[in-house]
Amino acid sequence: MIRRALAAAALAALLVPLAACGSQQAAEDMVNDALGGSASVDMGEDGEVRVDTSDGSYEIGTGAFPEGWPADLEVIPGFELLAGGAAADGLTAQMSASGDQSAAVDAYVKDLQANKGWSVDPSIPLGTPNMWALTKEGKVATIFSAPTGSETVVVFSITDR
């Protein structure tokens, strides 16, 4: 799921400029070619893009988590929610912030553990840099942070345990 979600995220980001040109058919053709299947692409007037495939849906530019997202997994303070997706096997979301925000991400994960009831999942070895797996109420939240210098991107994946 994560590979297809990341592919959908990359495609959705590429589709935003097409949305400005009103080229919905070109966007659908691009997605179908890249994912090797049938997709429906809806582009909003404000640059929002929704891609629906047989595997699920993916939205970029809406500023909303996908339906079923755990309420206590909020946008990291100082970050912007870029995209969210839903598939049969789980949910994804991507957010970003300017600069190296590693300390903010660490603080967010510690807060989830200390104040929101999430526990460390031993499937990710302790000390793995920029990656955490947390569990709560039958869900596993995998969080991957990628500081690039000019910005920090965080990818969440939520699956059933």
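Summary of values
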| quantity | calculated |
| --- | --- |
| Three-way shape label, region 63-161, alpha-carbon gyration tensor, a/c 1.5 | oblate |
| Arg50, Arg161 arranged by Cβ crowding within 10 Å, fewest neighbours leading | Arg161, Arg50 |
| Surrounding net charge for Ser119, when Lys and Arg each add one and Asp and Glu each subtract one, Cβ distance under 12 Å | +2 |
| Gain on full stretching of the segment that runs from Met131 to Thr148 - 0.36 nm per residue minus C-alpha separation | 4.6 nm |
| Integer Hz, Karplus 6.51/-1.76/1.60 couplings in order for region 129-135, x for Gly and Pro | x, 6, 9, 9, 10, 10, 10 |
| Rel. contact order, % - alpha carbon contacts under 8 angstrom, at least six apart, region 63-161 | 27 percent |
| In nm, spacing of pseudo-spin labels at Ala107 and Ser38 (7 Å Cα→C-beta vector) | 4.9 nm |
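Laboratory data are not the source of any read-out in this text; all were calculated from the coordinates shown. What you are looking at is a predicted structure, and each value in this text was computed from that prediction instead of being measured. Backbone-built Cβ (ideal geometry, glycine too); neighbour counts: all protein chains shown.
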